[in-house]
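Visitor: Input: one structure, supplied below.
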Amino acid sequence: MNAPTPPPLDAGLERELRAAADALQPDLHQLLSTLVAFPSLMGEEAAAQDFMEGLFRGMGLAVDRFAVDDRELVDMPGYAPPTGRWQRHDNVVAHYQPREHRGRSLIFNGHIDVVPIGAEELWTHPPFAPLIRDGRL
């Protein structure tokens, strides 16, 4: 069953949202630069997860952090065994509880690990040294 298509945004609301996003761009560049600087290869995400936990707590969000136990997942549909070495592989979940419940919920889901960098000499810029060029990170 497909979800119903949401109504289009009001033109004024869309302008406000775009203006708000534009105003936040320097802060977002800074946040993303900080995240890019973490060498968060698979199995080495702990420092980046520590940062995200601190960021969420600093925002006043409730945070739950728990280790991923591969043994609990092995019988799940779609399970794929991990590759590489696993040091501390945690999930960090932040939750905002509004004072008043209205409307629908929104979930942001992401991951913090990155693909292997390959041969670093092939990079034109170091992979974990953020660079903003032409307004893009």
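Read-outs: derived from the displayed coordinates by stated rules, not from any lab. Note that the structure is a prediction, hence the values are computed from the model and not measured. Using ideal geometry, Cβ is built from the backbone for each residue, glycine included, and neighbour counts are taken over all protein chains shown.
Visitor: Largest first and to the nearest Å, give the Cα extent of the stretch 36-97 along each principal axis.
Guide: Projected onto its principal axes, the Cα set of the stretch 36-97 covers 35, 29, 15 Å.
Visitor: Over all distinct Cα pairs, what is the inverse of the mean 1/r for the chain, reported as the Kirkwood hydrodynamic radius in Å?
Guide: 18.7
Visitor: On full extension of the chain, what length is gained from ASP22 through HIS125, given 0.36 nm per residue of separation minus the C-alpha to C-alpha distance?
Guide: Roughly 34.4 nm would be gained on extension.
Visitor: Would you report the distance distribution of C-alpha pairs in the stretch 1-63 as whole percents per 10 angstrom bin, up to the bin with the largest distance?
Guide: 17, 27, 27, 26, 2
Visitor: Count charges around ALA20 for me, please; just the other residues with Cβ under 12 Å from its Cβ, Lys/Arg as +1, Asp/Glu as -1.
Guide: -2
Visitor: Using a 10 angstrom Cβ neighbour count of at most 16 plus a DSSP loop assignment to flag exposed trypsin sites (Lys or Arg not before Pro), which longest range of the chain is free of such sites?
Guide: So the longest stretch without any such site is 1-84.
Visitor: Could you check how many percent of all C-alpha pairs in the stretch 93-137 are farther apart than 13 Å?
Guide: Of the Cα pairs, 74 percent sit more than 13 Å apart.
Visitor: Tell me the mean residue ellipticity at 222 nm calculated for the chain from its helices only (DSSP H runs of n ≥ 4, each -39500 (n - 2.57), averaged over every residue, nearest 500).
Guide: So the calculated ellipticity at 222 nm is -10000 deg cm²/dmol.
Visitor: What residue among PHE66, PHE56, PHE108 shows peak mean-square fluctuation when the chain is described by a Gaussian network model with Cα springs under 10 Å?
Guide: Of PHE66, PHE56, PHE108, the Gaussian network model singles out PHE108 as fluctuating most.
Visitor: Name the residue, out of PRO81, PRO116, PRO127, whose mean-square fluctuation peaks in a Gaussian network model built on the chain with Cα pairs under 10 Å.
Guide: The residue with the greatest mean-square fluctuation here is PRO81.
Visitor: In a Gaussian network model over the chain where Cα atoms closer than 10 Å are linked, find which of GLY58, GLY12, GLY118 has the largest mean-square fluctuation.
Guide: Among GLY58, GLY12, GLY118, the largest mean-square fluctuation in the Gaussian network model of the chain belongs to GLY12.
Visitor: Could you work out the local net charge near VAL93, counting Lys and Arg as +1, Asp and Glu as -1, over the other residues with Cβ closer than 15 Å to its Cβ? Please list the in-between numbers first.
Guide: Details: positive: ARG57, ARG65; negative: GLU45, ASP50, GLU53, ASP64, ASP90.
Overall, the nearby charge balance is -3.
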